[in-house]
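Undergrad: Mind looking over this structure? Questions follow.
Read-outs: derived from the displayed coordinates by stated rules, not from any lab. Predicted model only: the values in this text are computed from it and were never measured. Please note: Cβ atoms are built from the backbone with ideal geometry, for glycine as well, and neighbour counts cover all protein chains shown.
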Amino acid sequence: MSFDPLVFRKALGKFPTGVCVVAAEPEGEAPFGMTINSFSSVSLDPPLVLWSIQNNSECFPLFEKAATFSINILADDQQDISNTYAKKGSHELAAEHFHMGAANMPVINGAIASFECKVWARYPGGDHVILVGEVVEMEEGELKKPILFHDGAYGNIA
């Protein structure tokens, strides 16, 4: 069976996901971030999470250099943050969008939860690389609802 990649992507979009910004500051680089919806928990002991990045992403070389990263779950009032870091060429974190977390990684202000991670493993995954991170610190923000992404559009929990 062959798959049309665009039809496959559209079908995958039927699964609602949260929206996150993954951020990092590799040595010698400015703090940067990109919007993702490929985040998942892996393990409680040790505390592991994962996300994936497309091999041809403009952020790929930076994440290849990064030994640490943060994953920031966005609240439903942070669609502007999601849009900002989803754009090509728009990945350097604006000073008003982040602070340095307890483990000295860039963390998005106002996120409903943030996980500071050290890279546990990188796995090839077709046209993506799967990054597994060990959570070393976390923050829980205000009790807000998350942004959802479904069928190519933002949504929220009623």
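Undergrad: To the nearest Å, what is the center-to-center distance of the stretch 118-158 and the stretch 50-67, using C-alpha atoms only?
TA: 14
Undergrad: Which one is right for this structure if Cα extents along the principal axes in Å is calculated from it: [x] 47, 35, 31; [y] 50, 48, 33; [z] 47, 37, 36?
TA: It is the one labelled [z].
Undergrad: Please check: in the Gaussian network model of the chain (C-alpha springs, under 10 Å), which one of V21, V42, V119 has the largest mean-square fluctuation.
TA: Largest GNM mean-square fluctuation: V42.
Undergrad: Right, something else. Going through the cross-link list K14/K88; K65/K145; K10/K145; K10/K118; K88/K118, which pairs have a Cα-Cα distance over 28 Å in this structure?
TA: Result: K65/K145; K10/K118 exceed 28 Å.
Undergrad: Give me a comma-separated list of calculated 3J(HN,Hα) values for the stretch 146-158, in order, Karplus coefficients 6.51, -1.76, 1.60 applied at θ = phi - 60°, integers in Hz, x for any Gly or Pro.
TA: Each residue's phi maps through the Karplus curve to give x, 6, 10, 10, 8, 6, x, 9, 6, x, 8, 7, 5 Hz.
Undergrad: Right, something else. Which far-off residues, 5 or more places away or on another chain, put their amide H under 5 Å from the one on G141, with H placed in the peptide plane?
TA: Residues meeting the criterion, in which the H sits 1.01 Å from N, are A113, S114.
Undergrad: What net charge do the residues around R9 carry, taking every other residue with its C-beta under 13 Å from that of R9, with Lys and Arg at +1 and Asp and Glu at -1?
TA: Taking every other residue near R9 into account, the sum is -1.
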